[in-house]
Amino acid sequence: MRTHHKHVLMCTGPRCTQDGAEAEALFKVLGQTIDACEGLRVKRTRTHCFAVCKQGPLMVVYPDGVWYRNLDAASVRRIVDEHLAGGRPIEDKVFHRTGLGDVEPEPQP
């Protein structure tokens, strides 16, 4: 296995999106976007559930411990370009950082 600098976990389970279809499509976008960035050493892994249901699609970037929610194709591309390649998390999509306390529920409209 080659060396990776980041590991991205993405929930593709059925609770985050309808039957996980949207998350699975975003997982493909994630792979295509990573592959298009020459020299970017990122491993991506599907997961089933992060137990933060109804806020997905969700993604976690390690070793940074940055958790993202409510993703779409544009935000996945931004995360790859700005966070994974550029080192700057996309703050408007971050809802948790590992080690900084409990996750608060998303406000209801």
The range 1-52: equivalent-ellipsoid semi-axes (sqrt of 5 x gyration tensor eigenvalues, Cα, Å):
23, 13, 6
On a 0 to 90° scale, report how tilted helix 21-36 is relative to the longest principal axis of the chain, with both axes built from alpha carbons and the result rounded to the nearest 10.
20 degrees
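For residue 25 and residue 77, compute 0.36 nm times the residue count separating them, minus their Cα-Cα distance, and round to one decimal in nm. Walk me through the numbers before you get to the answer.
Numbers: separation 52, 0.36 × 52 = 18.72 nm, distance 1.28 nm.
Gain on extension, residue 25 to residue 77, equals 17.4 nm.
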Hey, got a sec? Which trypsin sites (Lys or Arg not before Pro) in the range 1-96 land in a DSSP loop and have at most 13 other Cβ atoms within 10 Å?
2, 41, 54
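Could you give the size of the charge dipole of the chain about its Cα centre, using +1 on the Cβ of each K and R and -1 on the Cβ of each D and E, expressed in debye and rounded to the nearest 20? Don't jump to the answer; show the numbers that get you there.
Details: 15 positive and 14 negative charges, 77 e Å.
Dipole size: approximately 380 debye.
How high is the FRET efficiency from residue 18 to residue 88, r the C-beta distance, R0 22 Å, rounded to 0.05?
Values: r = 31 Å, r/R0 = 1.43.
Approximately 0.10, to the nearest 0.05.
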Please give the net charge around residue 46, taking every other residue with its beta carbon less than 12 angstrom from that of residue 46, where Lys and Arg add +1 and Asp and Glu add -1.
+2
Taking N as the number of residues in the range 6-94, what is its alpha-carbon radius of gyration divided by 2.2 N^0.38 Å?
0.97
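What number, in percent, do you get for the relative contact order of the range 6-94 if the mean sequence gap of Cα pairs under 8 Å and at least 6 apart is divided by its residue count?
34 percent
No lab work stands behind these numbers, since they all come straight from the coordinates. These numbers come from a predicted model, not from an experiment. Cβ atoms come from the backbone with ideal geometry, glycine included; neighbour counts cover every protein chain shown.
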